[in-house]
Amino acid sequence: MGTDKSTTSRRGALKTLGMGAVGAASMPLWARYTHAQSAEPIRIGFQQHSTGIGAAYGRWYGRTTEAAARIINEAGGINGRPVEIIAEDDGTDPKRGAEVVEKFATQHGCDVAFGTLFSHVVIGSAPRAGELKMPYFVVSEGHHVASGMLNRYTLQPGITDVKSQVQAMAPYVSSNLGKKVTMVFPDFAFGHDHRDFFTAAIQAQGGEVLEHIAIPPTETSFTKYFPKIPRDTEVLYHVMVGPAVLTFVKELGEFFGPSAPPLFGFIDSLEAVDIASPGLEFLDGTYFWEGNPRYAQADQSEHDKFFRAAVGVDENGASVSDAKDISTYAHMFGCWETLHIIKAGMEAAGYGGPGDRAALIEAVEAMTDMPESQAHPQGAKRFNGKTHQVFGHQYISQVQGGKLVKVHTTSIEDTLYPDEVDYTTQAL
């Protein structure tokens, strides 16, 4: 489908649909759709960070989305109709994000919008989606959905949020690494979620945050920030994003040398970065949160194996065609799972077109437990229809011999928190 381009052509999408049909060599794939009232595609507008600070994520979100659409189409599409992915680059920019949502509704005739990652872009785009009554399925992790900041047309059903993640991490950090924490995070909504929620979570464990160090997400050098780290820091908590993450972790190692405090990072600091990169040797023995383990683990499920093969990712989390092209494995599963949730919601709602968008929202709101499966390879989940947020297992991995080895899996219960909104009370 070529989602690395700004727009996926219908011709390209239909060509993709015609390839790879399982057991259909003797008849065209279109025979699968003849029973439908209409073979007109379900059009899913993919808001992609093709450029800007989210480009590495955007590339892999695109590959994952293509793979999920292909799998869904090989199984007969949605309600007997093929899925067409229409990608538009938002430049990882909030203003352009709102413009992209508008294009999906007014130019492309999309049924839903999907895929946004960076929280400031979600916050900038969601109000327009609500005004247009365009179901907007984000894959972002920010707490902005579950906090009640957005609207009934915005949902996050395929990936967990920062509040639940850090709440589940804090007991492990406190018990195994230390209680006096310094936090380094990006200075925008996503980083502020980490600041606020981890600070509260570590305090609940009897710990404290000694210093908050906020860094502009466009920063290219970080050494000047490190002297702010208090000497009595027991744990350095880091989560960085953007194209300079390799520079960040290298400079961190150069600054501390062999005397670094225990490090606990969110894998965002190393997404799309090879842990074997020169200068990262100091990370051996340090810990990371992972939304989905990058390296195939000893207990790898059949579903993870299927997902890797479909997207084209090897057992080390790299592209099968280029070992140096490292995936954003801890996040991109959210695109796969969200597309399968859109499919399940449309089928439950008997979705036939834009007139059924409200029914689609209600059908997704009615979802609860999502068992681990081919549609949910990251693990089992529980969706809260009132808050539009999903909850799921979190993973802590340790760098051992240049690889990430899973050392702890949280329960879903570890990630739950009281509702802050009930979107179902809002008009559709």
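The values are calculated or read from the model by the stated rules, or taken from the named source; none is laboratory data. These numbers come from a predicted model, not from an experiment. Don't worry about glycine lacking a Cβ; one is built from the backbone with ideal geometry, like all the others, and counts go over all protein chains shown. Ligands, DNA and RNA are excluded from the accessible area calculation, which covers all protein heavy atoms including side chains. Shrake-Rupley method; radii C 1.70, N 1.55, O 1.52, S 1.80 Å.
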Legend entry - Residue among ALA344, ALA298, ALA309, ALA348 that alone is open to solvent by 40 Å² or more (accessible area, probe 1.4 Å), closer than 25 Å to LEU177 by Cα and of a type in the set (Gly, Ala, Ser): ALA298
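Matching residues to (1) over 23 Å from GLU420 (Cα atoms); (2) of a type outside the set (Phe, Trp, Tyr); (3) under 18 Å from the mean Cα position of the chain (by Cα):
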{"position": "VAL83", "(1), (2), (3)": "yes, yes, no"}
{"position": "GLU88", "(1), (2), (3)": "yes, yes, yes"}
{"position": "GLY91", "(1), (2), (3)": "yes, yes, yes"}
{"position": "VAL101", "(1), (2), (3)": "yes, yes, no"}
{"position": "GLN107", "(1), (2), (3)": "yes, yes, no"}
{"position": "ALA129", "(1), (2), (3)": "no, yes, no"}
{"position": "SER140", "(1), (2), (3)": "no, yes, yes"}
{"position": "HIS143", "(1), (2), (3)": "no, yes, yes"}
{"position": "ASN151", "(1), (2), (3)": "no, yes, no"}
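So if I check each of GLN378, GLN374, which one is of a type in the set (S, T, N, Q) and touching a strand residue (DSSP E or B) at 6+ places or on another chain (Cβ under 7 Å)? Walk me through how you get there before you give the answer.
Working: GLN374 fails: touching a strand residue (DSSP E or B) at 6+ places or on another chain (Cβ under 7 Å).
The unique qualifying residue is GLN378.
Do we find a residue being touching a His at 6+ places or on another chain (Cβ under 9 Å), open to solvent by less than 30 Å² (accessible area, probe 1.4 Å) and assigned to a helix (DSSP H, G or I) anywhere in the stretch 321-329? Show your work before the answer.
Initially, the stretch 321-329 is screened for residues touching a His at 6+ places or on another chain (Cβ under 9 Å), giving none.
No, because not a single residue in the stretch 321-329 is touching a His at 6+ places or on another chain (Cβ under 9 Å), open to solvent by less than 30 Å² (accessible area, probe 1.4 Å) and assigned to a helix (DSSP H, G or I).
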Legend entry - Yes/no for ALA363 being surrounded by fewer than 19 Cβ atoms within 10 Å (Cβ to Cβ) and over 19 Å from the mean Cα position of the chain (by Cα): no
Inset, instruction - Identify, by number, the condition in (1) outside any loop (DSSP other than H, G, I, E, B); (2) within 23 Å of GLY54 (Cα to Cα) that PRO243 doesn't meet. - result: (1)
Legend entry - Hits in the stretch 371-418 - residues which are under 19 Å from ALA146 (Cβ atoms), free of Cβ contacts under 8 Å to residues at least 40 places away in the same chain and open to solvent by 60 Å² or more (accessible area, probe 1.4 Å): ARG382, LYS386, GLU413, PRO418
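Scan the stretch 178-192 and give yes if some residue there is over 30 Å from ILE229 (Cβ atoms) and within 17 Å of the chain's Cα centre (by Cα), otherwise no.
Here is the first cut: in the stretch 178-192, the residues over 30 Å from ILE229 (Cβ atoms) are none.
Within the stretch 178-192, not a single residue is over 30 Å from ILE229 (Cβ atoms) and within 17 Å of the chain's Cα centre (by Cα).
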Inset, instruction - Restrict the check to the stretch 271-284 and report whether at least one residue is polar (S, T, N, Q), in contact with a Phe, Trp or Tyr (Cβ under 8 Å, 6 or more places away or on another chain), open to solvent by less than 40 Å² (accessible area, probe 1.4 Å) and closer than 17 Å to GLY401 by Cα. - result: no
Legend entry - Matching entry among ALA344, ALA349 (being without any contact (Cβ under 8 Å) to a residue 60 or more places away in the chain and over 30 Å from MET169 (Cβ atoms)): ALA349
Legend entry - Subset of the stretch 69-95 that is farther than 20 Å from PRO135 by Cβ and among the acidic types (Asp, Glu) - its residue that is most open to solvent (accessible area, probe 1.4 Å): ASP93
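Please enumerate the residues belonging to the stretch 308-320 that are touching an Asp or Glu at 6+ places or on another chain (Cβ under 8 Å) and part of a helix (DSSP H, G or I).
Pass one, the stretch 308-320, residues touching an Asp or Glu at 6+ places or on another chain (Cβ under 8 Å): 308, 318-320.
Hit for the stretch 308-320 is ARG308, nothing else.
Identify all residues within the stretch 46-65 that are outside any loop (DSSP other than H, G, I, E, B) and touching a Phe, Trp or Tyr at 6+ places or on another chain (Cβ under 9 Å); write none if there are none.
The answer is PHE46, GLN47, GLN48, TYR57, TRP60, TYR61, GLY62, THR64, THR65.
Could you tell me which of the residues GLU315, GLU337 is among the charged types (D, E, K, R), at pLDDT 95 or above and open to solvent by 20 Å² or more (accessible area, probe 1.4 Å)? Give the derivation first.
Values: GLU337 fails: open to solvent by 20 Å² or more (accessible area, probe 1.4 Å).
When all the criteria are applied, what remains is GLU315.
Would you check if ILE229 is among the β-branched types (Val, Ile, Thr), touching a strand residue (DSSP E or B) at 6+ places or on another chain (Cβ under 8 Å), more than 15 Å from VAL162 (Cα to Cα) and surrounded by 15 or more Cβ atoms within 10 Å (Cβ to Cβ)? First the steps, then the outcome.
Values: among the β-branched types (Val, Ile, Thr): yes; touching a strand residue (DSSP E or B) at 6+ places or on another chain (Cβ under 8 Å): yes; more than 15 Å from VAL162 (Cα to Cα): yes; surrounded by 15 or more Cβ atoms within 10 Å (Cβ to Cβ): yes.
The answer is yes for ILE229.
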Legend entry - Residue pairs meeting the criteria (Cβ under 8 Å; at least 6 apart or on separate chains; first open to solvent by 30 Å² or more (accessible area, probe 1.4 Å), in the stretch 246-266; second in a strand (DSSP E or B)): ALA260/LEU236; PRO262/VAL235; PRO262/LEU236; PRO262/TYR287
Inset, instruction - Find the residue count for the stretch 270-307, including only residues that are in a helix (DSSP H, G or I) and among the charged types (D, E, K, R). - result: 4
